[in-house]
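Engineer: Once you've had a glance at the structure underneath, I'll fire off some questions.
The values are calculated or read from the model by the stated rules, or taken from the named source; none is laboratory data. These numbers were taken from a predicted model, which means no experiment stands behind them. Positions of Cβ are generated from backbone atoms using ideal geometry, with glycine treated the same way; all protein chains shown enter the neighbour counts. These accessible areas exclude ligands, DNA and RNA; they are computed on the full protein's heavy atoms, side chains included. Shrake-Rupley method; radii C 1.70, N 1.55, O 1.52, S 1.80 Å.
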Amino acid sequence: MKTAKPRKPSPTASRKPSAGLKTIDAYLARVPEPARTTLQKVRAAIRCAVPSAASETISYKIPAFRLGEIVIWFAAFASHCSIFPTARVIEMFKDDLKSYTLSKGTIQFPTDKPPPAALIKKLVKARLAEIAGKKRR
């Protein structure tokens, strides 16, 4: 009777950006270039737009900024990077986002070309206004 050989873990299994990470720095350390530099620029633009009280976190296994609730997520994938500002914010800026691949709540962009910081800041400010509007109800 033959016994099955134990499988070796995939060489990339331990390099998955989301595998058990607790900080954005740890997430980014596992992201290959050029996506790492791209996400660092995205992170910097978001940090400039959120209040100083906002915190960085990992939510749904990807980086995010939280101010009471999640303001925005961002992540790297095999062939692109994405920002997740919510469907409502994307709808508000659909004309500004025509050059990007969009889905309901996602903006995709090349791993080596982040959206302009000014656009990211507009998205974040709109998301903050959306959150503030929910609190006023």
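Engineer: Within segment 68-78, can one find any residue that is in a strand (DSSP E or B), of a type in the set (D, E, K, R), open to solvent by 50 Å² or more (accessible area, probe 1.4 Å) and under 15 Å from Ile131 (Cα atoms)?
Structural biologist: The answer is yes; a qualifying residue exists.
Engineer: Mind listing just one residue for me: the one in segment 96-118 that is aliphatic (A, V, I, L, M) and out of contact with any Phe, Trp or Tyr (no Cβ under 8 Å at 6 or more places or on another chain) and, of those, surrounded by the most Cβ atoms within 10 Å (Cβ to Cβ)? I'd like the intermediate steps shown before the answer.
Structural biologist: Of the residues in segment 96-118, the ones aliphatic (A, V, I, L, M) are 97, 102, 107, 117-118.
Remaining after also requiring out of contact with any Phe, Trp or Tyr (no Cβ under 8 Å at 6 or more places or on another chain): 97, 102, 117-118.
Values: Leu97: 20, Leu102: 15, Ala117: 15, Ala118: 11.
Ranking the qualifying residues of segment 96-118, first place goes to Leu97.
Engineer: Among the residues of segment 80-95, is any under 17 Å from Thr37 (Cα atoms), open to solvent by 10 Å² or more (accessible area, probe 1.4 Å) and in contact with a His (Cβ under 8 Å, 6 or more places away or on another chain)? Explain how you work it out, then say what you get.
Structural biologist: Of the residues in segment 80-95, the ones under 17 Å from Thr37 (Cα atoms) are 80-83.
Still in the list and also open to solvent by 10 Å² or more (accessible area, probe 1.4 Å): 80.
Subsequent filtering for residues that are in contact with a His (Cβ under 8 Å, 6 or more places away or on another chain) retains none.
So far as segment 80-95 goes, no, none of its residues is under 17 Å from Thr37 (Cα atoms), open to solvent by 10 Å² or more (accessible area, probe 1.4 Å) and in contact with a His (Cβ under 8 Å, 6 or more places away or on another chain).
Engineer: Right, another one. From the list Val42, Val89, which one is closer than 16 Å to Pro114 by Cα and modelled with pLDDT of 95 or more?
Structural biologist: Val42
Engineer: Quick one: count up the residues across segment 42-57 that are open to solvent by 40 Å² or more (accessible area, probe 1.4 Å) and either aliphatic (A, V, I, L, M) or over 19 Å from Ala126 (Cα atoms) (or both).
Structural biologist: Residues flagged as open to solvent by 40 Å² or more (accessible area, probe 1.4 Å) and either aliphatic (A, V, I, L, M) or over 19 Å from Ala126 (Cα atoms) (or both) within segment 42-57 amount to 2.
Engineer: Do we have Pro9 as more than 20 Å from Leu128 (Cα to Cα), modelled with pLDDT under 95 and open to solvent by 50 Å² or more (accessible area, probe 1.4 Å) here?
Structural biologist: Answer is yes for this residue.
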